[in-house]
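The values are calculated or read from the model by the stated rules, or taken from the named source; none is laboratory data. As the structure is a computational prediction, the values presented were derived from the model and not from experiment. Reconstructed Cβ throughout: ideal geometry from the backbone, glycine too, with neighbour counts over all protein chains shown. Accessible surface areas use protein heavy atoms only, side chains included; no ligands, DNA or RNA. Shrake-Rupley method; radii C 1.70, N 1.55, O 1.52, S 1.80 Å.
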Amino acid sequence: MRRPLLVANWKMNKDRDGARAYARALLTALEAAPPSETEVVVAPPFTLLETLGTAFEGSRVGLAAQNVSAEVQGAHTGEISAEMLSELGCQYCLVGHSERRANQGETSTQVAEKAAALLEAGLRPIICVGETGAEREAGRTAEIVGQQLEMSLPRISTPTANHLVVAYEPVWAIGTGVTATPEQAQEVQALLRERLRTILGESAEDVRLQYGGSVGPHTIQALMNQPDIDGALIGSAALDPETFEQMIANTHWENTSP
Ligand code: PEP
């Protein structure tokens, strides 16, 4: 069974006091909430990983980084390795977010190398893929996301499929307030699952597929009801701890996946 996974991507936001206040508010809200199957993870900037790692220690909230180096160690000024993230208490790390693909020119080949480095260090990569608005309008969604997925998967002999997470994030939906409809998202997520079956065989059923792009408290449940949506990657709406908790509370798991 694929456990639902909600991840808050803070991007380059918040300072230390803000992070501590967020952690307190989120933990308080979660304590008051009924028990839930949903796995909850926060991905702050590198500088706040230690602060949040300490604040969330012993709680149900996990920690993710937003980027990693593909290298293990050495002369890589400004880079941070998967082992370093592990030492800070990270269990997950985003790779290939569309902002990094667009602004830092990150390629799918680099994303695959980063994902492999994370798996080697015992972390779980969240591999992001998604088409631009122009690509969708040109009818190229399946081609673009299929290609990104195939090239971004780590080239390791036995991928531990249940450690892999793939986030479908249409670029036209990120930070725009325009969410893909549940049907639009499911269409692409089903295609991603099908590609994963071709590559990984039966293990594809263990890979969690998230949707990301302007998800909010009112849109999350309809998305999560789709058979190939196992979670959400959330930006702006999750910057507020109460809104994030509301989204966690609004996520009822009705999926019948294996
Ligand atoms: C994101 O950047 O991963 C994201 C989904 O952002 P937003 O929810 O703000 O669209």
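Some observations on this one:
- Filter pass, Ile199 being more than 19 Å from the chain's Cα centre (by Cα), open to solvent by 30 Å² or more (accessible area, probe 1.4 Å), closer than 22 Å to Arg100 by Cβ and among the aliphatic types (A, V, I, L, M): no
- Tally, over the stretch 153-184, of residues that are within 11 Å of the ligand (Cβ to nearest atom) and assigned to a helix (DSSP H, G or I): 3
- Here Thr160, Thr176 are screened, and the one residue that is among the polar types (S, T, N, Q), in contact (Cβ under 8 Å) with a residue 24 or more places away in the chain and under 16 Å from Gly213 (Cβ atoms) is Thr176.
- Number of residues in the stretch 202-254 that are closer than 12 Å to Ala185 by Cβ, more than 12 Å from the ligand (Cβ to nearest atom) and open to solvent by 30 Å² or more (accessible area, probe 1.4 Å): the value is 4.
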